[in-house]
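No value in this document is a laboratory result; all are computed from the given coordinates. Nothing here was measured: the structure is a model prediction, and the numbers come from that model. Backbone-built Cβ (ideal geometry, glycine too); neighbour counts: all protein chains shown.
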Amino acid sequence: MKRFFLTILAAAAFLSTAQSQTVAERLKAIRAEVYTRVLNLTPEEAQNFWPIFNEYVDEKESLQKQLRPEGQIDGMSDAEVEDYIKKYFEVRQKEFDLEKELVQKLRKVLPARKIAKLPKAEREFRESLLKRLQELKERRQQRRGRN
């Protein structure tokens, strides 16, 4: 979970340099490219897949925002930490239920083999973001070296 947020944060920093598109638009475009390729979506499948998947992503992001602690965990009282732990597992259960719901909806528009490739598509999406961030970091270091 922590790694996911760091990946997205880093991607946001990287993509903030894109002048013609917002960060969210750029992330969405990268995700669309990777998922379409990995799942090998036909145009008709893509037309049916993306509204369902985008709704899922929005709902999952909303759930993940609930997990952000109000402050530093070390600064919380024992009762607040207990509440946070309880909330953590409640949100994780909701995420699991949301993923099951996604699969049920996708069964109506995609073959099972393509649905089974969703975790691979997500991994490749994250790897793509990390690769782009590394390339940006290297370009920045090269520019600093020239000055």
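Taking square-rooted eigenvalues a ≥ b ≥ c of the alpha carbon gyration tensor, is the chain rounded, prolate or oblate, where a/c under 1.5 means rounded and, failing that, a/b exceeding b/c means prolate? Spell out each step's value before the answer.
Numbers: a/c = 2.42, a/b = 1.01, b/c = 2.39.
Verdict is oblate for the chain.
Note on Lys108: lysines with a C-alpha under 28 Å away, same-chain residues under 8 apart excluded, are Lys28, Lys60, Lys94, Lys100, Lys117, Lys120.
Only Cα pairs under 8 Å and at least 6 apart count here; give the relative contact order of the chain as a rounded whole percent. Present the calculation step by step, with values, prior to reporting the outcome.
Numbers: 67 pairs, mean separation 57.7, N = 147.
Relative contact order, the chain: 39 percent.
If you add up the charges near Glu82, with Lys and Arg at +1 and Asp and Glu at -1, over every other residue whose beta carbon is less than 15 angstrom from its beta carbon, what do you get? The partial results should precede the final answer.
Working: positive: Lys86, Lys87; negative: Glu70, Asp74, Asp78, Glu80, Asp83, Glu90.
So the surrounding residues net to -4.
Could you give the distance between the Cα centres of the stretch 14-89 and the stretch 93-117, to the whole Å? Each part's Cα centre sits 16 Å from the other's.
Sorted fewest first by neighbouring Cβ atoms within 10 angstrom, Ser128, Ser62 come out as Ser62, Ser128.
Could you list Glu61, Glu80 in order of exposure, starting from the residue whose Cβ has the fewest other Cβ atoms within 10 Å? Could the numbers behind the result be given before it?
Details: Glu61 10, Glu80 14.
Ordered by Cβ neighbours within 10 Å, fewest first: Glu61, Glu80.
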